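Student: Dropping the structure in here first, questions after.
Every read-out reported here was derived from the displayed coordinates using simple, explicitly stated rules and does not represent laboratory data. Only a predicted model underlies this, so the values are computations on that prediction, with no experimental measurement involved. Using ideal geometry, Cβ is built from the backbone for each residue, glycine included, and neighbour counts are taken over all protein chains shown.
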Amino acid sequence: MKKRLSPKFLLALTLFSLIGQIAWVVENMYLNVFIYNMFSADAGAISLMVGASAVSAAVTTVFIGALSDKLGKRKVFMCGGYILWGVSILGFTLLRVDILKAVFPFASAAVLGVAFTIALDVIMTFFGSSANDAAFNAWLTDSTSEASRGTAEGINAMMPLVAILAVFGGFMAFDLTLPRSWTVIFIIIGIVVILVGILGFFIIKEPKLEPAKEGYFKTVIYGFLPSTIKKSPALYLYLGGFIIFNIAIQIFMPYLIIYYERSLGMENYVFIMAPAIIIASVATVLFGKLYDKRGFTLSSSISIGLLALGFLTLFIFKHTAPVFIGSLLMMCGYLAGMAVFGAKIRDLTPLGKAGMLQGVRIFSQVLVPGVVGPYIGKLVLTGAEQIENSDGTYSFLPNEFIFLAALITTVILAIYLITLFIIKRKKDIKKEPR
């Protein structure tokens, strides 16, 4: 395969990755703010929403990824999925206290708001995961080679930070305590996602794939069969590390914006975070290139070290300057780690099996971390300080112990990877001629 990535491929990669990540940022970071501000959701409700979304993402990716392999098609799932994803985002415009009170006058608008937000999030995740987690990620694997995968994955892994920057900057124009602000936000995001899906039909090149010969059910369970694990043990060992990595991220991520804005009182957190995001975005691309040149061991060691330093700094300090430094280190480590783990997992994915194995990848990236991480966060925040809202309801304030829990998890990850490196080195030594 060619080492050089074509301009058309790069355009499709950038658009689908960026816009998909913008939609995920709104869901993963700001839907928590939406349900917190609009319906006074507690940590339990936020944990439930993240967990339900993670289950939806995993199940969807398993079945749709396998279906795309069975049919030998990626493009229709990517483009059609983005269109339906955008439509589902528009559905959130109906989740307002005034609308809920008008339709259900004898029920609690806050309780209904929480329930409907969780339900609609699950539906939105189904379409988003079909398009992005299953089809887009399989397409990216199919369309790159080992010579270019680190570079492509660096661009892909950079997009979450670019998306955060775009969302932070765009949301500055809105008062997120007002329902009408959220209505405008959901309309804009929904329409943009729909337009990208339509554009994709014209710019995406369908990979040359042979439809899977196995029956559909076998393609669904392929990634979970003992025989598959036996064929690719290294893939599953690195997926295990990816699980621990993402658990560390999910412990604090659902509460990050609330922590900045409410707990630290940083109303200008966008101005503080923007430079950190820009620097981290550049660093992520460089880590992708470092992976291509030096491999996983060095690039992952540096990224995990940065992540741990970021967590430690955010746990200890609460003033603006050190919070900026801690956020920068954390984001550099987070996105660099995503890039190098993503590239390694793609390198270890057998040819022609990308769709079937997207379910396994999403279990390690979303399902297990999305259930375990927020649950740990909820336990850490048990007994957190409560504040009274203007309407007489109470909301919790996340505290710095979410970063301590994330740091401990990162140390566990480091021990796990060191063990893998030692085992690999011993095997390599045994292979050397005596």
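Student: When the Cα centres of the range 1-71 and the range 156-174 are compared, how far apart do they sit, in Å?
Tutor: If you average the Cα positions of each part, the centres end up 14 Å apart.
Student: Taking square-rooted eigenvalues a ≥ b ≥ c of the alpha carbon gyration tensor, is the range 147-199 rounded, prolate or oblate, where a/c under 1.5 means rounded and, failing that, a/b exceeding b/c means prolate?
Tutor: Taking the square roots of the gyration eigenvalues as a ≥ b ≥ c, the range 147-199 is oblate.
Student: Would you compute, from DSSP H runs of 4+ residues alone, the mean residue ellipticity of the chain at 222 nm, taking -39500 (n - 2.57) per run and dividing by the full residue count, rounded to the nearest 500?
Tutor: Calculated mean residue ellipticity at 222 nm is -24500 deg cm²/dmol.
Student: Students often get this wrong, so try it: which of [x] 200; [y] 166; [z] 144 is volume of the Cα convex hull per residue in Å³ as calculated from the structure shown?
Tutor: So the structure-derived entry is [z].
Student: Take Lys378, Lys205 and order them by how many other Cβ atoms sit within 10 Å, fewest up front.
Tutor: Neighbour counts put them in this order, fewest first: Lys205, Lys378.
Student: Then there is this: What is the fewest-to-most order of Cys332, Cys79 by other Cβ atoms lying within 10 Å of their Cβ?
Tutor: Cys79, Cys332
Student: Ok, one more. Going 7 Å from the Cα of Leu397 toward and past its Cβ, which residues in the range 307-328 have a backbone nitrogen under 20 Å from where you end up?
Tutor: Flagged as within label range: 314-324.
Student: Between Ile387 and Ala107, how many nm apart are label points set 7 Å from Cα along the C-beta direction?
Tutor: The two pseudo-label positions are separated by 3.0 nm.
Student: Something else: What pairs from Lys378/Lys426; Lys208/Lys230; Lys73/Lys344; Lys293/Lys318; Lys73/Lys426; Lys318/Lys344 go past 30 Å between their alpha carbons?
Tutor: Listed pairs above 30 Å: Lys378/Lys426; Lys293/Lys318; Lys73/Lys426; Lys318/Lys344.
Student: OK, next. Cut-off under 19 Å on the C-alpha distance; same-chain residues fewer than 8 positions from Lys70 excluded. Which aspartates and glutamates are left, in chain and number order?
Tutor: Output for Lys70: Asp133, Asp142, Glu206, Glu210, Glu214.
Student: Helix by helix through the chain, keep the DSSP H runs that span 24 Å or more along the axis on Cα and average at least -0.5 on Kyte-Doolittle, and give those back in order.
Tutor: Those that clear 24 Å and a mean of -0.5 are 7-25, 43-71, 109-128, 149-171, 179-203, 233-252, 269-294, 296-316, 320-348, 401-431.
Student: According to a simple spin-label model (label point 7 Å from Cα along Cα-to-Cβ), what is the distance in nm between Val184 and Lys318?
Tutor: Output for this residue pair reads 3.3 nm.
Student: Along the Cα-to-C-beta direction of Glu214, a point sits 7 Å from the Cα; which residues of the range 220-260 have their amide N less than 15 Å from that point?
Tutor: 220-233, 236
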